[in-house]
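Note sheet for the following structure.
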Amino acid sequence: MTTDLRISNISKIYPGCIANDNVSLQFKSGKIYALLGENGAGKSTLVKILSGVVSPDNGEVFLNEKNLKLSSPLDAKKNKIGMVFQHFNLFETLSVFENLSIDATEDNKSLRVRINEILKKYNFSIDLDVPVLNLSAGHKQKVEIIRCLLRSPKVLIMDEPTSVLTEQETEELFISLKKFCDEGILIIYITHKLKEVLSLCDEVAVMRKGKVVSVSQTQNEKIETLANKMVGQKLAKIKKKINISKNKDEIFKVKHLNFYSDDPFETNLVNLNFSVKKGECLGIAGISGNGQNELFQILSGEIITPDTSIIFRNKEIAKLNPKQRREYLMAFSPEDRISQAAVPELKIYENVALNNFKSSNFFEKGLVNEKKIKEHSKKILSDFSVNTDNVELKSQFLSGGNLQKLILGRELITAPELLICYNPTWGLDVGAINYIHETLIKINDQEKSTILISTDTEELLKLSDRIVVIYKGKLSKIMPSEEVTPEKLGVLMGGGSID
Amino acid sequence: MSLDISFIGILIGSIMASSVPLILAASGELITERSGVLNLGVEGMMIIGAISGFALMVITDNLFIAIIGSMLSGVIISLIFGFLTQSLLTNHVATGLALTIFGIGLSAMLGKNFVGIPGKEFPILFSSLKESIPFFGPILFGHSIVLYFAFTLPFLTNYFLKKTKLGLVVRAVGDSPVSASNQGINVILVRYCCILYGGAMCGLAGAYLSLIYTPQWIENMTAGRGWIALALVVFATWSPIKVLIGALIFGGITILQLHMQAIGFRIPVQFLSALPYLMTIIVLVVISRDSRKIKLNTPTSLGRIFYKEK
């Protein structure tokens with residue numbers, strides 16, 4: 001039996017923001033639909049409406065021409081609409097089985113049988129009796145999917161499902177989704193990743209500022225066309241002019257860096273040697289989990305390793321902590337914006353004050369100089385086009401892109417000589433990515449240096465002057481980026497050799 | 001001094017009796033906290049239970065009505081807490097503290113006319129067996145029905161949380177109210193129920209004091225037991241069985257140190273009085289060291305305000 005889902009004239013207005021403006025869309029089973037849009041385009045609100053979490057101010061939802069009243073998540077469940085949220089809706093301290101049984105109507109024994117059938121059918125392997133907090137992100141997502149499948153859904157909505165997955169987990173997910181689609185489940189895939197739309201979906205609807213701006217077949221689209229629709233303007237093509245000149249000074253040098261850890265989840269680093277020249281961007285490529293975390297922490301001073309030598313502006317800095325390194329004009333932008341770079345519960349200006357320097361005079365005689373910090377923060381907000389001018393706003397209310405701009409702004413406003421960033425555009429939408437790339441290029445133009453640790457090969461090729469690959473804690477040889485192709489990088493990142 | 005075996009039996013019996021209010025109040029609070037609600041009003045709810053139980057006994061001369069009434073009054077006063085924190089989204093900590101202060105004040109006012117009135121004897125079960133069996137008699141028999149209930153309650157609570165569907169729902173709400181709500185669970189309703197249940201148990205704990213343990217009304221007669229019960233829940237890392245152990249240790253050492261004081265041990269009295277608190281905390285910390293279990297038992301959303309998106 002086919003499923004036909006129709007959304008008609010949905011509107012939802014929040015104070016100060018029109019989240020959905022007269023949205024009408026139509027979906028039929030047998031296809032995978034993409035709902036594409038930047039952060040804040042209204043995708044999440046729309047799926048929240050479809051899953052009954054919020055109710056629309058206006059408009060109707062029809063499933064097989066039946067008008068649905070979706071006033072609570074229970075209504076969505078009853079009507080066989082399943083939903084996998086971007087932030088997992090799991091109970092971390094409960095076991096996998098308890099998570100699945102909480103809304104089941106059958107007894108535990110037959111439920112277990114059914115779960116095992118699903119595990120077998122889709123080749124999932126998950127221990128049902130461990131607490132969810134012990135699972136990887138990919139497994140947690142599978143638990144969510146199983147929860148939906150248990151209710152034999154007609155519609156399955158995936159909200160930005162790959163933002164927490166590794167590349168391999170993403171591939172596995174796509175295989176499963178295609179299987180579900182073949183079995184007649186209507187799949188709506190929400191994302192801001194253009195590549196995924198093209199590789200997975202059949203039809204794509206683009207949303208911008210709460211409105212649907214285009215619906216088309218993905219086979220007729222290219223990355224550029226979709227990006228332009230999504231952002232609403234032609235994206236400037238960013239291309240960096242490579243500036244390697246042999247005679248420039250080496251500003252930063254790492255010699256014989258070794259790191260051994262007892263923690264089985266950490267990667268050992270073996271004899272790393274590299275240097276960065278003035279005005280240069282050194283890209284460090286690699287699949288995540290090959291030692292990037294450890295390397296970033298050592299470079300930023302979070303981990304101090306004895307017997308290591310790190311030279312910055314002709315000074316030995318290996319024993320300095322992050323704050324002391326900042327005083328020497330290094331700056332850092334860690335991978336995890338929310339838990340490492342900023343404190344989400346603090347206000348914007350408070351987060352700015354965390355990065356205090358002797359020279360910034362944020363604190364006087366043990367007291368907070370609020371006025372000074374606020375002025376400084378306002379300057380960051382406007383210089384780095386963060387989408388607010390309210391320094392009192394809690395940082396958790398900033399979108400990922402705006403938060404990253406704030407963090408970069410905080411780091412750059414002191415004009416550091418070297419910026420070390422780790423996946424600076426992770427999880428951001430195209431507009432924000434573009435802005436951040438432009439900013440990073442500007443730094444190099446001003447003769448300041450950057451180290452870009454990234455898992456995104458495209459980004460590395462775009463921004464780096466020289467590229468090196470990290471694999472299982474070891475570095476490949478350093479290559480000028482014009483000699484590097486995505487294929488070469490792929491081989492090196494997978495542990496192969498190109499000579 | 002020779003401690004004969006029947007004396008030890010009587011001693012254990014009295015230790016059990018003294019730990020009953022702690023077990024009741026802590027078991028109730030445990031359920032409340034497992035749903036993610038931190039109610040610091042335990043002391044206030046207990047004292048309201050104590051006065052209303054005693055007053056109803058004096059007025060109606062019926063112990064059954066008194067006991068039920070004390071539980072109902074606990075429910076009513078916890079309903080205030082529930083309304084404020086769940087419907088008006090006030091801060092749990094501040095509201096709970098206010099509830100305790102309110103309860104102590106209200107009970108003193110209501111209790112004015114009941115000071116000095118003698119209590120009524122509460123029926124005890126199996127009193128003949130208590131006398132006839134040495135050692136085990138005074139331990140197992142001759143107690144009020146409330147004591148038997150209190151000693152089965154931690155096991156019932158454990159069973160409820162671990163084995164029943166409703167218990168699972170309570171734990172889920174305490175773990176992540178947002179997820180629970182998105183799964184179609186009525187978080188506010190579940191939390192209300194847990195708060196009211198906690199109130200009923202605290203009311204009963206208070207009534208045990210004023211009707212059974214020391215059958216009379218004295219102003220402020222709960223004497224900080226509510227706070228001990230709260231601490232027990234936390235130090236027992238939200239495990240009902242450990243709450244029982246903790247309550248027994250606390251009750252036990254309280255009674256023992258009284259005996260030691262009476263005998264005249266050459267230890268400063270202040271130290272002896274502090275002993276129950278110290279020992280209970282030490283023992284519970286030692287038996288709850290497994291950090292993995294703590295993580296699994298701790299209600300993640302404890303004390304956080306939940307509101308539903310609309």
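The values are calculated or read from the model by the stated rules, or taken from the named source; none is laboratory data. It should be emphasised that the depicted structure is a prediction, and the values quoted were computed from it without experimental measurement. Here the Cβ positions follow ideal geometry from the backbone for every residue, glycine too, while neighbour counts run over all protein chains shown.
Among B:F265, B:F235, which is the only one that is more than 14 Å from chain A (Cβ to nearest Cβ), more than 19 Å from the chain's Cα centre (by Cα) and either surrounded by fewer than 16 Cβ atoms within 10 Å (Cβ to Cβ) or over 11 Å from B:L22 (Cβ atoms) (or both)? Quick ask: steps written out before the conclusion?
On the way: B:F235 fails: more than 19 Å from the chain's Cα centre (by Cα).
Answer to the selection: B:F265.
With respect to the numbered conditions (1) under 24 Å from the mean Cα position of the chain (by Cα); (2) surrounded by 17 or more Cβ atoms within 10 Å (Cβ to Cβ), which one is the sole condition not fulfilled by A:P131?
For A:P131, the failing item is (1).
I need a count of the residues in segment A:283-342 that are among the β-branched types (V, I, T) and not in a loop (DSSP other than H, G, I, E, B). I'd like the intermediate steps shown before the answer.
Initial filter on segment A:283-342 (among the β-branched types (V, I, T)): A:284, A:287, A:298, A:303-305, A:308, A:310-311, A:317, A:338.
Add one more test, that the residue is not in a loop (DSSP other than H, G, I, E, B), and what stays is A:284, A:298, A:310-311, A:338.
Residues that pass the stated criteria total 5.
Of all residues in segment B:146-161 being among the hydrophobic types (A, V, I, L, M, F, W, C) and farther than 14 Å from B:I31 by Cα, which is surrounded by the most Cβ atoms within 10 Å (Cβ to Cβ)?
If we take residues in segment B:146-161 being among the hydrophobic types (A, V, I, L, M, F, W, C) and farther than 14 Å from B:I31 by Cα, then B:A150 is surrounded by the most Cβ atoms within 10 Å (Cβ to Cβ).
Would you mention how many residues in segment A:257-279 are under 26 Å from the mean Cα position of the chain (by Cα) and either buried (at least 16 other Cβ atoms within 10 Å of the Cβ) or not assigned by TED's automatic domain parsing to the domain that holds A:G289 (or both)? Quick ask: steps written out before the conclusion?
As a first pass, look at segment A:257-279 and keep what is under 26 Å from the mean Cα position of the chain (by Cα): A:263-269.
Restricting the remaining residues to those that are either buried (at least 16 other Cβ atoms within 10 Å of the Cβ) or not assigned by TED's automatic domain parsing to the domain that holds A:G289 (or both) gives A:266-267, A:269.
The total comes to 3.
Would you confirm whether any residue within segment A:411-424 is loosely packed, with under 14 Cβ neighbours inside 10 Å and not hydroxyl-bearing (S, T, Y)?
Initially, segment A:411-424 is screened for residues loosely packed, with under 14 Cβ neighbours inside 10 Å, giving A:415.
Checking which are not hydroxyl-bearing (S, T, Y) leaves us with A:415.
The answer is yes, given that some residue of segment A:411-424 is loosely packed, with under 14 Cβ neighbours inside 10 Å and not hydroxyl-bearing (S, T, Y).
Residues that are within 14 Å of chain A (Cβ to nearest Cβ), touching a residue at least 60 places away in the same chain (Cβ under 8 Å) and either out of contact with any strand residue (DSSP E or B) (no Cβ under 6 Å at 6 or more places or on another chain) or exposed (fewer than 14 other Cβ atoms within 10 Å of the Cβ) (or both): does segment B:239-262 have at least one?
So the first thing to find is which residues in segment B:239-262 are within 14 Å of chain A (Cβ to nearest Cβ), and the list is B:239.
Among the residues that remain, those that are also touching a residue at least 60 places away in the same chain (Cβ under 8 Å) are: B:239.
From what is left, the residues that are either out of contact with any strand residue (DSSP E or B) (no Cβ under 6 Å at 6 or more places or on another chain) or exposed (fewer than 14 other Cβ atoms within 10 Å of the Cβ) (or both) are B:239.
Looking for residues that are within 14 Å of chain A (Cβ to nearest Cβ), touching a residue at least 60 places away in the same chain (Cβ under 8 Å) and either out of contact with any strand residue (DSSP E or B) (no Cβ under 6 Å at 6 or more places or on another chain) or exposed (fewer than 14 other Cβ atoms within 10 Å of the Cβ) (or both), one finds at least one in segment B:239-262, hence yes.
So which pairs qualify, if the first residue must be in segment B:177-191 and facing chain A (nearest Cβ under 10 Å) and in a loop (DSSP other than H, G, I, E, B), the second must be surrounded by fewer than 21 Cβ atoms within 10 Å (Cβ to Cβ) and of a type in the set (G, A, S), the Cβ gap must be under 9 Å, and the two must be at least 6 apart or on different chains?
B:G184/A:S72; B:N186/A:S72
Would you mention how many residues in segment A:42-73 are of a type in the set (S, T, N, Q), in a loop (DSSP other than H, G, I, E, B) and within 12 Å of chain B (Cβ to nearest Cβ)? Walk me through how you get there before you give the answer.
First pass over segment A:42-73, keeping only residues of a type in the set (S, T, N, Q): A:44-45, A:51, A:55, A:58, A:64, A:67, A:71-72.
Filter once more, keeping what is in a loop (DSSP other than H, G, I, E, B): A:51, A:55, A:64, A:71-72.
Now drop any that are not within 12 Å of chain B (Cβ to nearest Cβ), which leaves A:51, A:55, A:71-72.
Going through segment A:42-73 one residue at a time, the tally reaches 4.
Give me a count of the residues in segment A:457-499 that are surrounded by fewer than 21 Cβ atoms within 10 Å (Cβ to Cβ) and at positive phi.
2
Residues being under 19 Å from A:E459 (Cβ atoms) and of a type in the set (K, R): count how many of those fall in segment A:177-200.
Within segment A:177-200, the first condition is being under 19 Å from A:E459 (Cβ atoms), and the residues that meet it are A:191-199.
Narrowing further to those that are of a type in the set (K, R): A:193, A:195.
Selection size over segment A:177-200: 2.
Any idea how many residues of segment A:79-103 are of a type in the set (A, V, I, L, M) and facing another protein chain (nearest Cβ under 9 Å)?
Final tally of qualifying residues: 4.
If we keep just the residues of segment A:134-153 that are at negative phi, in a loop (DSSP other than H, G, I, E, B) and not charged (D, E, K, R), which is farthest from the other protein chains (Cβ to nearest Cβ)? Show your work before the answer.
Let us first name the residues in segment A:134-153 that are at negative phi, namely A:134-151, A:153.
Going one step further and asking which of them are in a loop (DSSP other than H, G, I, E, B), we end up with A:135-136, A:150-151, A:153.
Filter again for not charged (D, E, K, R), leaving A:135-136, A:150, A:153.
Numbers: A:L135: 14, A:S136: 17, A:L150: 12, A:P153: 14 Å.
So, considering only residues that are at negative phi, in a loop (DSSP other than H, G, I, E, B) and not charged (D, E, K, R), the one farthest from the other protein chains (Cβ to nearest Cβ) is A:S136.
In segment B:55-71, which residues are part of a helix (DSSP H, G or I) and surrounded by fewer than 17 Cβ atoms within 10 Å (Cβ to Cβ)?
Residues of segment B:55-71 that are part of a helix (DSSP H, G or I), as a first pass: B:55-60, B:63-71.
Of everything in segment B:55-71, those that are part of a helix (DSSP H, G or I) and surrounded by fewer than 17 Cβ atoms within 10 Å (Cβ to Cβ) turn out to be B:V58, B:I59, B:T60, B:F64, B:I65.
Considering only segment A:37-58, state which residues are in contact (Cβ under 8 Å) with a residue 24 or more places away in the chain and either closer than 15 Å to A:N79 by Cβ or in contact with a helix residue (DSSP H, G or I) (Cβ under 8 Å, 6 or more places away or on another chain) (or both). So that I can check it myself, show each step before the final result.
Taking segment A:37-58 as the starting set, the residues that turn out to be in contact (Cβ under 8 Å) with a residue 24 or more places away in the chain are A:37-47, A:49-52, A:54, A:56-58.
Selection gives A:G37, A:E38, A:N39, A:A41, A:V47, A:I49, A:L50, A:S51, A:G52, A:V54, A:P56.
Out of (1) of a type in the set (A, V, I, L, M, F, W, C); (2) more than 10 Å from chain B (Cβ to nearest Cβ); (3) in contact with a Gly (Cβ under 6 Å, 6 or more places away or on another chain), what's the single condition that is false for A:A76?
Here A:A76 meets the rest and fails (2).
Name the residues in segment B:162-176 that are crowded, with 20+ Cβ neighbours inside 10 Å and either in contact (Cβ under 8 Å) with a residue 40 or more places away in the chain or more than 10 Å from chain A (Cβ to nearest Cβ) (or both), would you?
Matches in segment B:162-176: B:V170, B:R171, B:V173, B:G174, B:D175, B:S176.
What number of residues in segment B:274-293 are part of a helix (DSSP H, G or I) and under 21 Å from the mean Cα position of the chain (by Cα)?
Initial filter on segment B:274-293 (part of a helix (DSSP H, G or I)): B:274-287, B:291-293.
Narrowing the set further to residues that are under 21 Å from the mean Cα position of the chain (by Cα) leaves B:274-285, B:287.
The number of residues fulfilling the criteria is 13.
Just to verify a result, which residue in segment A:336-347, among those that are under 14 Å from A:E411 (Cα atoms) and touching a residue at least 40 places away in the same chain (Cβ under 8 Å), is surrounded by the fewest Cβ atoms within 10 Å (Cβ to Cβ)?
Looking only at segment A:336-347, we keep the residues that are under 14 Å from A:E411 (Cα atoms), and these are A:337, A:340-342.
When the remaining residues are screened for being touching a residue at least 40 places away in the same chain (Cβ under 8 Å), the result is A:337, A:341-342.
Details: A:R337: 23, A:A341: 25, A:A342: 25.
Restricting to residues being under 14 Å from A:E411 (Cα atoms) and touching a residue at least 40 places away in the same chain (Cβ under 8 Å), the top hit is A:R337.
Residues checked against (1) more than 19 Å from A:I436 (Cβ to Cβ); (2) among the polar types (S, T, N, Q):
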site: A:I287; (1), (2): yes, no
site: A:Q292; (1), (2): no, yes
site: A:K323; (1), (2): yes, no
site: A:E327; (1), (2): yes, no
site: A:S339; (1), (2): yes, yes
site: A:E350; (1), (2): yes, no
site: A:A353; (1), (2): yes, no
site: A:E364; (1), (2): yes, no
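Of everything in segment A:88-133 that's part of a loop (DSSP other than H, G, I, E, B) and of a type in the set (D, E, K, R), which residue is nearest to A:I175 (Cα to Cα)?
Out of the qualifying residues, it is A:D127.
Only one of B:Y159, B:Y197, B:Y208 is more than 12 Å from chain A (Cβ to nearest Cβ), more than 14 Å from the chain's Cα centre (by Cα), more than 21 Å from B:L284 (Cβ to Cβ) and in a helix (DSSP H, G or I); which? Give the derivation first.
Details: B:Y197 fails: more than 14 Å from the chain's Cα centre (by Cα); B:Y208 fails: more than 14 Å from the chain's Cα centre (by Cα).
Just one listed residue meets the conditions, B:Y159.
Which residue, of A:G40, A:G59, A:G30, is on the phi > 0 side of the Ramachandran plot, surrounded by fewer than 17 Cβ atoms within 10 Å (Cβ to Cβ) and touching a Cys at 6+ places or on another chain (Cβ under 9 Å)? Steps first, answer last, please.
Details: A:G40 fails: surrounded by fewer than 17 Cβ atoms within 10 Å (Cβ to Cβ); A:G59 fails: touching a Cys at 6+ places or on another chain (Cβ under 9 Å).
Of the residues listed, the single one that is on the phi > 0 side of the Ramachandran plot, surrounded by fewer than 17 Cβ atoms within 10 Å (Cβ to Cβ) and touching a Cys at 6+ places or on another chain (Cβ under 9 Å) is A:G30.
So, in segment B:290-310, how many residues would count as being more than 12 Å from every other protein chain (Cβ to nearest Cβ) and surrounded by 16 or more Cβ atoms within 10 Å (Cβ to Cβ)?
Summing the residues that are more than 12 Å from every other protein chain (Cβ to nearest Cβ) and surrounded by 16 or more Cβ atoms within 10 Å (Cβ to Cβ) in segment B:290-310 gives 2.
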